[in-house]
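*Asks:* One structure, pasted below without further comment.
The values are calculated or read from the model by the stated rules, or taken from the named source; none is laboratory data. Because the structure is predicted, anything quoted here is derived from the model rather than measured. Every residue, glycine among them, receives a Cβ derived from its backbone with ideal geometry; neighbour counts consider all protein chains shown.
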Amino acid sequence: MRIRPGILILIVAIFGVLIGGRFLGWFGGKSTNVVVNSQPSEPIDSNPQPPATIQEPPAPRPIGRTPGVPRPPAMAVVPPVAPAVPVALPAGTVITDWEERIDDLLTSQDEENIKAKQLLAVFPNLPEEGQIEAIQHLSNLLADEDYAALKPMLTNAAMPEAVIDVLMTDVLNRPNDIKLGALLEVARVPNHPGAEEALDVLEVFVDENYGADWAAWEAAVKKWLIENPDE
């Protein structure tokens with residue numbers, strides 16, 4: 001069979017293309033060899049963290065005033081306030097609102113001895129009615145150790161008789177060493193409203209009446225107190 005010239009040319013062209021492509025692939029497809037380290041590599045962290053830093057403790061703050069900052073003002077030490085004792089008014093001054101004044105003193109938060117001192121301070125300026133009420137509170141507020149503050153009132157013959165009556169009742173309820181000494185002083189005051197009563201009480205204790213012999217009365221009272229001490 002006779003091969004047509006056109007087909008023969010086509011076959012030759014196809015072989016030429018195949019041979020040329022292989023030749024180009026031999027030179028163009030060659031890649032450069034890369035030497036890879038044979039040791040295994042560590043895994044690469046996708047989110048690397050910065051190395052931790054050691055925090056040093058803060059330097060101690062110096063003791064003293066910070067420069068540029070004003071020093072705070074020093075706290076003033078306020079002494080405790082003592083209860084106020086009324087100042088005695090001038091002689092002849094009469095307290096007209098004595099009821100309110102006495103009520104305020106008695107209802108205060110002060111100790112009893114402070115209240116007594118306050119009443120003693122205003123007593124000379126109270127009217128007679130006010131003195132009668134005040135002396136009743138004073139006889140209750142003043143302790144035995146403070147009785148010396150009442151004795152001048154008891155021995156004062158010019159005091160209102162109602163005030164002396166309260167004081168005489170009060171002294172009879174005091175310890176014997178206070179009672180007998182005060183009654184002896186009352187008995188020796190001329191024209192004292194309580195002098196007769198004072199002598200009667202003294203006679204009951206010493207079992208003797210020495211009349212106006214005050215030295216004998218005093219000796220008898222001292223002897224009785226020594227023989228009959230308060231318990």
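*Asks:* Just to be sure I understand, how many residues within segment 190-207 are outside any helix (DSSP H, G or I) and in contact with a helix residue (DSSP H, G or I) (Cβ under 6 Å, 6 or more places away or on another chain)? Working first, answer last.
*Replies:* At the first step, the residues of segment 190-207 found to be outside any helix (DSSP H, G or I) are 190-194, 207.
Subsequent filtering for residues that are in contact with a helix residue (DSSP H, G or I) (Cβ under 6 Å, 6 or more places away or on another chain) retains 192-194.
Qualifying residue count for the region: 3.
*Asks:* I've got another one for you. Here are the criteria: (1) surrounded by 15 or more Cβ atoms within 10 Å (Cβ to Cβ); (2) under 30 Å from ARG101 (Cα atoms); (3) not β-branched (Val, Ile, Thr). Tell me which single one GLY181 does not satisfy.
*Replies:* (2)
*Asks:* Filter the helices (runs of 4 or more DSSP H) completely within segment 98-164 down to those with at least 1 residues that are closer than 22 Å to VAL186 by Cα. Even if it seems obvious, please write down each step before you answer.
*Replies:* Values: elements: 98-106, 112-122, 128-141, 151-154.
The qualifying helices (runs of 4 or more DSSP H) are 112-122, 128-141, 151-154.
*Asks:* Only residues that are loosely packed, with under 14 Cβ neighbours inside 10 Å, among the acidic types (Asp, Glu) and within 35 Å of the chain's Cα centre (by Cα): list them for segment 113-168, please.
*Replies:* Selection gives ASP144, GLU145.
*Asks:* Now for a separate question. What number goes with the only condition from (1) part of a helix (DSSP H, G or I); (2) within 30 Å of ASN113 (Cα to Cα) that ALA215 does not pass?
*Replies:* With (1) part of a helix (DSSP H, G or I); (2) within 30 Å of ASN113 (Cα to Cα) applied to ALA215, the lone miss is (2).
*Asks:* Looking at segment 174-228 only, could you name the residues that are closer than 20 Å to MET153 by Cα, at pLDDT below 95 and of a type in the set (S, T, N, Q)?
*Replies:* Passing the criteria: only ASN191.
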